[in-house]
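Accompanying notes for the structure given below.
Rule-based calculations on the coordinates, nothing more; no lab input. Owing to the predicted nature of the structure, the values given are computational and were not obtained by experimental measurement. Please note: Cβ atoms are built from the backbone with ideal geometry, for glycine as well, and neighbour counts cover all protein chains shown.
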Amino acid sequence: MTQHFVGHNRAVFDGLHPMLYKTIAGLALWFALSAWLLFSGTDYTSLTFAVVTLFFLIAILVPTAIWQTWRRHSADASPARNPTVRLSDWTAGTFETWQCRLSGSEAAVQVLLPIAAVALGLTAIGIVFVAVGGAA
């Protein structure tokens, strides 16, 4: 028999904290910069990186523009009805998805893990690439 403990005074959120969006954008920028700095070489490579950077820029700017438009025109976005929540309060609360409820910290990890793994992995591969290329 399993027991499920429910925190009765935990806040329930249905949207991500703005700091998580900023962290995702920062990790995407880290990914693009590490690609440019560690793998640049020939003219064709620079052209490819420029196109990839443009895709990342579009992938960040379009959702940001949609979010800003929603925030500006939403009735629920007024500061009196939706006070700013600290990240520590958000992670201590509950994040509701359409499938289940997660703790806020677990939701933050699940959201940030893919882009963080890609950014850190590309940086590690780039450092090895530069080290091996410098030895050859």
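Taking neighbour counts of Cβ atoms within 10 Å as a proxy for exposure, in what order, fewest first, do Leu102, Leu20 appear?
Working: Leu102 15, Leu20 18.
So the residues, fewest neighbours to most, are Leu102, Leu20.
Please rank Ser40, Ser34, fewest neighbouring Cβ atoms within 10 Å first, as an exposure proxy.
Fewest-to-most ranking of Ser40, Ser34: Ser40, Ser34.
Would you calculate the separation in nanometres between label points at Gln99 and Ala116, each defined as 7 Å from the Cα along the Cα-to-beta-carbon direction?
My value for the distance between the label points is 2.0 nm.
Measuring from label point to label point, each 7 Å out along Cα→Cβ, what is the Ser40 to Glu106 span in nm?
My value for the distance between the label points is 4.4 nm.
Using Cβ contacts closer than 10 Å as the measure, can you line up Tyr21, Tyr44 from fewest to most?
The most exposed by this proxy come first: Tyr44, Tyr21.
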